Amino acid sequence: MLQKFRVKTCLLLAFLFVVSQACICSLAVAATLDIEKTRTTLVLEKEPAGALTPTAAKAAIAKGPKEIVIAGRIAANGMDPFVKGKASFAMLQLPDDHGSQPGHNPDDCPFCKKKLAKAPMVAVQFIGADKNELPIDARDLFGVENNAVVVIRGTASFNPKLALPIIQLKANGIYIRK
């Protein structure tokens, strides 16, 4: 009985050691990331021309991945649009002029909900030189929050076989509308 307890304790300690080392390694990667340099590289000073809505972008990439510019708002239909600890977020289509009235909330407006229901969501991921997702929260990297209006430049792809219409956007630039 005592021997089984020792074996379980040793296994638990070994597991905790491995997990702690993995956490330390991921923190080391994030610490070695020059946040200011990364921000300067990705944040665009001027809004890129020719930004498409997610609906128009879906049509534009129907035949395959393509470098594209998409405008939208950071949101995820009532869920948290951010991926904690990653330079990633979900983006939805902007409402039309009807939604530009002060105090208008497109998430509560039945007209906006109906019109935007078929628009695809955009899964935005900022990728580093190592081809991996940047290990820093987008809120910290860009100073953005839920419902911020952004214009994203990157390579977009769309898989029509997915249950939900989602555009995958590997981003290389962001412009934050004020």
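Residues of segment 108-121 being in contact with a helix residue (DSSP H, G or I) (Cβ under 8 Å, 6 or more places away or on another chain), more than 26 Å from residue 173 (Cα to Cα) and surrounded by 16 or more Cβ atoms within 10 Å (Cβ to Cβ), which ones?
Passing the criteria: 109, 112.
Of these, 72, 85, 78, which one is out of contact with any strand residue (DSSP E or B) (no Cβ under 7 Å at 6 or more places or on another chain) and touching a residue at least 40 places away in the same chain (Cβ under 8 Å)?
85
Any residue at all in segment 134-152 that is over 18 Å from residue 80 (Cβ atoms), loosely packed, with under 14 Cβ neighbours inside 10 Å and at pLDDT 80 or above?
Scanning segment 134-152 turns up no residue that is over 18 Å from residue 80 (Cβ atoms), loosely packed, with under 14 Cβ neighbours inside 10 Å and at pLDDT 80 or above.
All but one of (1) farther than 25 Å from residue 40 by Cβ; (2) under 14 Å from the mean Cα position of the chain (by Cα); (3) not polar (S, T, N, Q) hold for residue 73; state the number of the condition that does not hold.
Evaluating residue 73 over (1) farther than 25 Å from residue 40 by Cβ; (2) under 14 Å from the mean Cα position of the chain (by Cα); (3) not polar (S, T, N, Q) leaves (1) as the failure.
Being closer than 27 Å to residue 107 by Cα and exposed (fewer than 15 other Cβ atoms within 10 Å of the Cβ) is the filter here; which residues of segment 61-77 pass it?
If the condition is that a residue be closer than 27 Å to residue 107 by Cα and exposed (fewer than 15 other Cβ atoms within 10 Å of the Cβ), then 77 is the only one that fits.
In segment 155-176, which residues are in contact (Cβ under 8 Å) with a residue 60 or more places away in the chain, surrounded by fewer than 18 Cβ atoms within 10 Å (Cβ to Cβ) and not in a loop (DSSP other than H, G, I, E, B)?
Listed by number, the residues that qualify are 155, 157, 172, 173, 176.
The values are calculated or read from the model by the stated rules, or taken from the named source; none is laboratory data. Quick caveat, the model's predicted, so the values are computed rather than measured. Using ideal geometry, Cβ is built from the backbone for each residue, glycine included, and neighbour counts are taken over all protein chains shown.
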